Structures are given as C-alpha cells and as structure tokens.
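The structure appears right after this line, and notes come after that.
Read the figures in this text as sums done on the coordinates, not as results from a lab. The model shown is predicted, which means the values in this text are computed figures rather than measured ones. Cβ sites come from the backbone with ideal geometry, for glycine too, and all protein chains shown count toward neighbours.
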Amino acid sequence: MIVYVVQRVLLTGLMLFGLICITFTVSNVAPSDPAALAAGPDATRDMVETVRREYGLDKPIWEQFVRYVSDLARGDFGRSIVSTRAVGTELAQYFPATFELVALAMGLGVLVGVPLGMLSAVYKNRPFDHLVRVFAVSGVALPAFWFGLVLQLTFAAQLELLPTSGRLDIASPPPPPVTRMFLVDSLLAGDWQTFADAFAHAILPAIVLSFPCLASILRVNRAEMVEVLSADYIVAARAHGVSPWRIVAVHALRNAMLPTLAMIGLRYGWMLGSTVLVETVFDWPGIGLYAVSSAIAGDFKPVMGVTLLIGLNFMIANLVVDLLYGWLDPRLRAAQ
Amino acid sequence: MNTRAETGGLARFREEHAAAFRQLRFYVWTFARSPSSMIGLVIVAAFLFLAAFGPMIVPYPDDATGAMNLSNRLKPPSAAHWFGTDEMGNDLFTRVVVATRTSLYVGLVIVIVASTIGVPLGIAAGYFGGRTRMIIMRVTDVFLSVPGLVLALAIVAALGAGILNGIIALSIVWWPGYVRLVEAKALSLRGESYVEAARSLGASQFRILAVHIFPNCLSPIIIKASMDMGLAILSAASLGFIGLGARPPAPEWGAMISVARTYMPTWWWYAFFPGLFIYLTVLGFNLFGDGLRDILDPKSNQG
C-alpha cells in the first residue's frame, strides 16, 4: 500500500512538471514581446530593455525555464500587467469564491444526480427513465453561458425572485474575511442576513455549474445500478424478503457508489474549468472571471497561473480518488 | 437491352454482397427503432442542410456579414424578422442560419485535426507497448490533466483572439482524447489471433497497423467523432462568448451571444436564438452519436 501511495504521488508530481512545461511553452510562443507588454504601452526602448534584463528575458531559453520552475516552486506566479500585483496573491484572493461555488454545485450534483440515477435504474426503460435520459443529454448539450442567461432572464428579470449577478447585494458589506467564502464567513460571524443574501446570489450560478456534472453522475450511477441490481446477492436479498427499497438504497447503492465516486473526483476538475464561462455570465469574482478578463487584456501571466492552479486541483482530486479507490475496494487492496 | 444488362449486373452485385446488405438493413432497422437516434439524425441533417444552402435561402443575405440599418435596430420577433433584429438592424434569423456554416467548418476542422494526430499515436501506443506507450500516454495524461477549455483559453490568450487561433487551440487540446480511446482498443486487438496470424505470415508492421488494427478501431473513433462534432462546436462558441473566438460582426453563435449579453434582459431574443441553435446542434450530434454506438458498438452501451 505504501509503495502504491508513493508511486501515485510521484506520478502526480511528474504530471505537474509536464503541465509546467506546457504553460512555459505556451507563454513563449506568444507573438507579442513579453518585455514590451510588462513595460507598458508608453515605455521607451531603454525601459523595455531594462525590463527584459530584470525579468531575465535576455537569457537563453533553458535558463529562463529553470528560473520559471524555481519561481513557481516558491509560489511566485509572476506579476499581472493590469493590476501590477503578484498573480499568486490574486489567485489566493479569487480562489475561495470559485471554491465556494464549485462546492455548492458539487453538492447539488450529488444530491440530485445519485437519487435520479438510482430511480432511473429501478424504472429502467419506463417513461421515467426516458425522461431522465433526455434530462441527462441536455446536461451535456446545454451551453453553460446560454443556460445562465436564460435562467437570469427567467428568475431574475421576469420573476424577480433571485439576483442577477455578483456575490452580494451592492448595499451589503462582505462578512469579515476568514475563509473568504461568504457563505462560511457569514455563518462564522452569525450574520444570517448576509448568509441569505450570499446564498440567493449563489443559487443560479451553482445550478448552471452543476448541470453537466449532475448529468454525468446520473449516467454513471444509473449504469452501475442497472448492473448491480441483476447481481446474485441482490437476488438472494430479495429471496430473503428484504424490503425492495432497502435493497435498492442500501445493498445496491453502496456497491454502485465506487464508480460514481470516481466520476465526482473527475468532475471537480472539469467544474473548475467551467467556471471560466459561468463566472463570466454571473460576474462572480473567482479565478474563472480573473482568467477571462486577463486573457482579453492580453495579460497572460494570470491566465497561466489559473491554468496551473486548476491543473493542480484536478491532479490532486484524481490522486485522492485513486487512493480512496484502493482503500475502499477490498479487491484492489488485496491485489497489492 | 442495355437496361437488361444493367439489371443483371445489379442483381449480381446484390447477390455477391448479400451479407453486407443484410448487415446494412439491420443497422438501419436498429437505428430507426430508437426515437432519440432519429431525433439526432433529423437535427444533424437539418444542420448540414442549413450549412450547405443557408446563405442561399435566408431572407436578408446582406445582413450576414453585418450591414447597417439603424432604423430597424433591436426589433422583436415578427413575421418579417422571425428571430428579431440586432443592434445594427440586421435580421437575426439570417445571421443565425449563416453562422451554421461557420460552426460546421470549425467542428470539422477540430475533429479532423485531432483525430489525425490522436489516432496514429493511440495505435502506436497500444500496439507497440513498452516505452513507446509509456511516453505517449504520459504526455497524453498531462494534456488531459487540465480541462480543455482552460488550456485552450491559455493558448488563445498567448496567440491572440480570433477564430483561427481558437481552432488551433481547441485542436491542440482535443487530440489526447483520441489517443486514450484508440490506445485501449489497439491494446486489446494486439493479442487477437488474426493479428498473430498476420505477424507470423511475415506481414510488415505498417501493414498490420493499417490493415488489421486500424479498421477494427474505427467504430469507437466514428462514435467519438460524431459526439465531438457537437462538443467542438460548443467549445468554439464558448471561446466566442468569452470574446476570444470569432470577432463580431462575423456571424458566429458564441460571438453573437457575447454581444447580445449587454442587451439583456430587455432585448432577450438577441441572445436567445443563437444559443438555442447551439443547444440543438450539440444535442443532435450527441443523440446521433449515441445511436451510432447502439449499432456499431452495442456491447459498450452505457444505458
């Protein structure tokens, strides 16, 4: 088991290094001169040359790479040209907002996706199953940005039930920052009004973000449940007179949960990626919106920072799932 | 008398290929039996029709590339303008239909480039195994370790906005999926007895790969390519929406929604119809791919 864990961790490190190679290459194929960008539009040629020397951009490419990697190792992602602040600081500032949204959406995806998948396996090939299938395919096909706009139109503009965008009402001050997740912080401060406000703002973006995830959790759970429900031990349990719903919800569901768990881990990383669209629609000040606004401004240090941060999260999620898998599935444990 | 010879030829052809015809009839029957596959087929056919003939049948062809008709701006849907008009007074129905061709082109290029890179690499990794496989799969894993849209965003940020750069970026992030898919298939084919037989008869490596391995990998590739058409169109539209893909006034669904966003909620139709077309297109290719899976690869049916 220890060998397995060490192996997985080393492999994750290697993949992270690979991703760093990609972001370095992408930054260096840019047709624009990074020194000129960093010096600003009004810089004289001398100023650009100073910046070039200062950033080590006059050095050979491999030396630049070594510098890039060692900077990253110290948590230095470079500086944003637009805000002139360190990208690392800004990432730390924006990430909690994104994480809050992703956690909420993931909760929604699991709470709705697992029961729907279970029920649709029980009612296989009946009208309910077909209805759920249409719903699941829609989850993949609906453009997140358009779905968001339609929800804003319906629930914010027409029905006036929920706010359109942002994290809080303009009039209400943010709660004292502890985790920078407004839902958690307002609870910690015991401020129910802010909590309700933050929650109302999070509902629509969380729904949009969770939809594709919900759909794939549903599909995996349904496929697994269909298979498990025909297993011998289910037939045996039924023959022993265990109540039908207990069989489905306890015996079958537990055994169908492993692949669903893997899907949840995979989806966490994908969701972080989709925040690029969802945060843009809802003006949610997280890393997705940060990446988009930086990309439009041609400021690509922050974009690479976000790419690396999302990649790191994705890899860690996969690692955790792999290890959990090894731990939860007795057959894998025995195989090692 | 000529016709008689032809019918004779046709009859012989049918006889010689009876098995293939039977197989084909079975495919058509299986496909047509499933309502969702047929919906997919209808949508895909309509999409291809609009892409081919759209520019010829639209009511206001001049509006396609962005004319100016300010007296007519932001009109709601009506008999004259089915989808309403945009901020320049252009007919939205015209622009949405003409954009179909852009999407088809974007989807096709991405899928073709991605499969041309990914499929040979996947076959090589799966068939040769060993160090070749390790290197190819590690590189693939690195590309798959970050969501495609984010990496594409990073690449477009470096290359500069534009539809061509969007296509380049999406192709770069799209090929690893094909490597994954084909590698697994080629790995399982490697031990098949007909491959073994070809090898022992002294067939060259290239011949084995091209004649024995590749054709047997085709079903999953076709299924994935069909689904990817929709997803590639969706991703390109996403880049357009962010403001890094096609540049308005070029007719592209995502870019149209990007502009239309600022006119929400009062002028809702401007964003609504392009988005509906994206949704239907992606849905159509998805259902169509699902239908293809049912006939080409029935064992892997995921429900």
What are the ³J(HN,Hα) values, in whole Hz, obtained from phi via the Karplus relation 6.51 cos²θ - 1.76 cosθ + 1.60 with θ = phi - 60°, for each residue of segment B:160-165 in sequence order, with x given for Gly and Pro? x, 5, x, 6, 5, 5
Quick one: which residues, 5 or more positions from B:Trp82 or on another chain, have an amide H under 5 Å from its amide H? H modelled 1.01 Å from N in the peptide plane, none for Pro or chain starts. B:Phe93
From the backbone phi of segment B:245-252, what are the Karplus-calculated ³J(HN,Hα) couplings (6.51 cos²θ - 1.76 cosθ + 1.60, θ = phi - 60°) in whole Hz, Gly and Pro given as x? x, 4, 9, x, x, 3, x, 9
Other-chain or far-sequence residues with amide H under 5 Å of B:Arg247's (modelled H): B:Ile163
Can you work out ³J(HN,Hα) from phi for every residue in segment B:210-215, in order, using Karplus 6.51 cos²θ - 1.76 cosθ + 1.60 and θ = phi - 60°, giving whole Hz and x for Gly and Pro? 7, 9, 9, 7, 4, x
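Restricting things to Cα coordinates, could you compute the convex hull volume per residue of the protein assembly as shown in Å³? Numbers along the way, then the final one.
On the way: hull volume 156.8 nm³, N = 639.
Hull volume over Cα atoms, normalised by residue count, gives 245 Å³.
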Going toward the positive end of the dipole of chain B, with +1 on Lys and Arg Cβ and -1 on Asp and Glu Cβ, which of B:Ser258, B:Asn72, B:Ala210 do you reach last? B:Ala210
Sticking with the crude label model, points 7 Å out along Cα→Cβ, report the distance from B:Phe128 to A:Arg74 in nm, one decimal please. 4.1
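State to the nearest 20 debye the size of the charge dipole of segment A:2-73 about its Cα centre, where the only charges are +1 on K and R beta carbons and -1 on D and E beta carbons. Intermediate values should be presented prior to the final figure.
Working: 6 positive and 8 negative charges, 73 e Å.
Using only the charged Cβ atoms, the result is roughly 360 debye.
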Which one of A:Phe145, A:Leu258, A:Thr280 is farthest out on the positive end of the charge dipole of segment A:88-327, using unit charges on Cβ (Lys, Arg +1; Asp, Glu -1) and the Cα centre as origin? A:Leu258
DSSP H helices in chain A with Cα extent of 20 Å or more along the helix axis and mean Kyte-Doolittle hydropathy at least 1.6? A:2-29
Which is farthest toward the positive dipole end of segment A:2-73 among A:Leu11, A:Leu37, A:Phe65, measuring Cα position about the Cα centre, with Cβ charges +1 (Lys, Arg) and -1 (Asp, Glu)? A:Leu11
Out of residues 5 or more away from A:Arg79 or on other chains, whose amide H comes under 5 Å of its own, with H placed 1.01 Å from N in the peptide plane? A:Val87
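Remind me, relative contact order of chain A in percent, using alpha carbon pairs under 8 angstrom and six or more residues apart? Don't jump to the answer; show the numbers that get you there.
Values: 373 pairs, mean separation 83.1, N = 336.
After rounding, I find 25 percent.
In debye, nearest 20: dipole of the protein assembly as shown around its Cα centre with unit charges on the Cβ of K, R (+) and D, E (-)? The partial results should precede the final answer.
Working: 46 positive and 42 negative charges, 409 e Å.
It works out to roughly 1960 debye.
Would you mind calculating the gained length between A:Phe128 and A:Val82 on full extension (0.36 nm times residue separation, minus the Cα-Cα distance), in nm to one decimal?
On the way: separation 46, 0.36 × 46 = 16.56 nm, distance 5.20 nm.
Going from the current span to full extension adds 11.4 nm.
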Around A:Glu49 (Cβ within 13 Å, Cβ-to-Cβ, excluding A:Glu49; K/R +1, D/E -1) the net charge comes to -1
Quick calc: nm separation of the 7 Å Cα→Cβ label points for B:Arg207 and A:Trp192 -> 8.1
To the nearest 20 debye, what charge dipole does segment A:88-327 have about its Cα centre, counting +1 at the Cβ of each Lys and Arg and -1 at the Cβ of each Asp and Glu? 880
